[in-house]
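Presented below is the structure to which this report refers.
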Amino acid sequence: MESMGSTGTVAELVAARWGDHRPGLWWEDGVLTHHEFAAGAAARAALLDELLPPGAPPHIGVLLDNTPEFPLWLAAAALAGAAVAGINSTRRGPELARDILHTECRLLITEQARLPLLRGLDLPGVRLLITGTPEYEELLAPCAGARPDPSRAAPADRLLLCFTSGSTGAPKAALCSQGRLAAAGRSLAARFAVTPDDVHYVCMPMFHGNAVIADWAPALAAGAGVALRRRFSASEFLADVRRHRATYFTYVGRAIQYVLATEPGPHDRDHRLRLGFGTEAGAVDAAAFERRFGVRLVEGYGSSEGGAAVQWSPGTPAGAVGRAGPGLVVLDPHTRAECPPARFDAAGRLLNGEEAIGELVNRGPNPFEGYWRNPGAEAERRRGADGAYWTGDLFCRDADGYLYFAGRTDDRLRVDGENLAAAMIENILARYEGALAVAVYAVPDPVTGDQVMATLAGEFEPESFAAFLRDQPDLGTKMAPRFVRVVERMPVTATNKIQRARLRAEGLRCADPVWWRPPGEGAYRRLTPQDAEGPLAFTRGPV
């Protein structure tokens, strides 16, 4: 994500589409012109003036799939000076109610298909607005003549409350102002040369910052079209981009791997796509995607909070995210001293990971705007007298200033006194021919601190896997997984990020087959109940 300063408002970008009668929003079998979109946003903004109670935070919750109503309500909130909390549709029961109540949503926009999620929840003071119903249309009808008026919005006005995922605790609602979102949209549109003739394919869920900040906002800023996919589908990806003549898309998590896992065809390059922008594809999958589809993937690093961003540029070494900008440093989280530069051998193996890997910190200016009603989380991000922004992500930095992602701070392993980064081990294991997806994490060991465990989705053959590990020149002696859990499909979140916290919690106590390499042995064998009941009992997850 970009972290640019505030310039203008999203309300101004919405109002600029008034009078533009080109097709601008596609979904399934429908289409809206840019003008119709601006008019629909203005009507909903007028409705907000009537429905939002005075004196309360002007917050609305949106619990929808990627239908036209989602961006329409984003645009309406911008015009009305309100803020949108995108509600994660994979949350359930008390957790779902907590998200709605924590962000103080007075109005919840949802659809008939989502009503079962709300059944039985205690949501005092929250009014439901159900799209597609006669009551909904009756409420909107008197507002149909409204025109978009951006004069009520200011750059500092709160627009988004983006829930960020975490391995512990409840999700935090990061704040994003109109100015920051508008600036991010303009910056990305300029960086990727987006024009009004482009079409952005939005297949990641819009309750997540990636789809809104990196996909919808640059399209809005450039006057480009938007094609919506209700929910991500790897099997329908190519058909969608062909049908909508899409030129740009964003991705997170394992989405690219899922697309690559579809059956190749002779017409895989028959499309208009020119660019994909996202995170966590990995160098191996990015290269495979370009070979197959002829589309370059640009990996970026950034956060919905806006506290730090790293951009790829020509000349960036393989495996690096980009060059560190002003203020970005890698610090030891305990001493807060800057980590020594990373050193690599000729094969690209990191030679000094224990001392070189630390937390990425932004000591320079940044537009982090805080979390809603969560001072403890803000204090965790801003530390020290200088108010530096601590990202919670592990990196190392080489002598030329290039940054290499090494995972979340929660993904750090310590084996026999050596600090290891899960992301770097995953990048190596991803080369294994049978692997469709890989997750690496720690299981506890009372002697060595941690043991390395990997979950692998795909085909696994113990002899070939052991031989593969022996052939990897950059796999350190303590990096090889002691345990390998084999799954048909990796457990992921709604944004296709691997649920590492769940895997760590389950440990060896899982229904899937687990292979292990006993101490002093190089071969893997199937883990038996007797093995797990013996000295391996410490690796169990909770019952």
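Okay, here's what the table says:
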read-out	value
Residues within region 505-514 that are touching a Gly at 6+ places or on another chain (Cβ under 7 Å) and part of a loop (DSSP other than H, G, I, E, B), tallied	1
Helices (runs of 4 or more DSSP H) fully within region 81-185 counting 1 or more residues that are within 24 Å of residue 307 (Cβ to Cβ)	93-102
Residue check, residue 80 surrounded by fewer than 18 Cβ atoms within 10 Å (Cβ to Cβ), under 24 Å from residue 184 (Cβ atoms) and in the same structural domain as residue 172 (by TED's automatic domain parsing)	no
Single unsatisfied condition, residue 223 versus (1) loosely packed, with under 15 Cβ neighbours inside 10 Å; (2) on the phi > 0 side of the Ramachandran plot	(1)
Exclusive hit being in contact with a helix residue (DSSP H, G or I) (Cβ under 7 Å, 6 or more places away or on another chain), buried (at least 16 other Cβ atoms within 10 Å of the Cβ) and either β-branched (Val, Ile, Thr) or free of Cβ contacts under 8 Å to residues at least 24 places away in the same chain (or both), set 370, 407	407
When residues of region 410-439 are limited to those that are of a type in the set (Gly, Ala, Ser) and assigned to a helix (DSSP H, G or I), the one surrounded by the fewest Cβ atoms within 10 Å (Cβ to Cβ)	423
Looking only at region 468-504, and only at residues there that are in a strand (DSSP E or B) and touching a Phe, Trp or Tyr at 6+ places or on another chain (Cβ under 7 Å), the one that is surrounded by the fewest Cβ atoms within 10 Å (Cβ to Cβ)	486
Region 309-338, subset at pLDDT 90 or above and touching a Lys or Arg at 6+ places or on another chain (Cβ under 7 Å), residue surrounded by the most Cβ atoms within 10 Å (Cβ to Cβ)	330
Among (1) touching a residue at least 40 places away in the same chain (Cβ under 8 Å); (2) outside any loop (DSSP other than H, G, I, E, B); (3) in contact with a strand residue (DSSP E or B) (Cβ under 7 Å, 6 or more places away or on another chain) - the single one residue 67 does not satisfy	(2)
Subset of region 464-488 (residues that are free of Cβ contacts under 8 Å to residues at least 40 places away in the same chain and of a type in the set (Lys, Arg))	482, 485
Residues being over 18 Å from the mean Cα position of the chain (by Cα), outside any strand (DSSP E or B) and not aliphatic (A, V, I, L, M) - total across region 382-409	5
Residues within region 59-77 that are out of contact with any Phe, Trp or Tyr (no Cβ under 9 Å at 6 or more places or on another chain) and either buried (at least 19 other Cβ atoms within 10 Å of the Cβ) or assigned by TED's automatic domain parsing to the domain that holds residue 495 (or both), tallied	5
Tally of residues being outside any loop (DSSP other than H, G, I, E, B) and either touching a strand residue (DSSP E or B) at 6+ places or on another chain (Cβ under 6 Å) or under 22 Å from residue 218 (Cβ atoms) (or both) across region 243-260	9
Test: residue 465 is more than 25 Å from residue 518 (Cβ to Cβ) and either in contact with a His (Cβ under 6 Å, 6 or more places away or on another chain) or buried (at least 22 other Cβ atoms within 10 Å of the Cβ) (or both)	no
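So that you can scan it fast, the table gives a plain yes or no per residue for (1) more than 28 Å from the chain's Cα centre (by Cα); (2) more than 30 Å from residue 205 (Cβ to Cβ):
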position	(1), (2)
456	no, no
473	yes, yes
477	yes, yes
504	no, no
508	no, yes
518	yes, yes
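The values are calculated or read from the model by the stated rules, or taken from the named source; none is laboratory data. Here the structure is a predicted model, which is why all the values come from computation and not from measurement. Ideal geometry is used to build each Cβ from the backbone, glycine not excepted, and the neighbour counts take in all protein chains shown.
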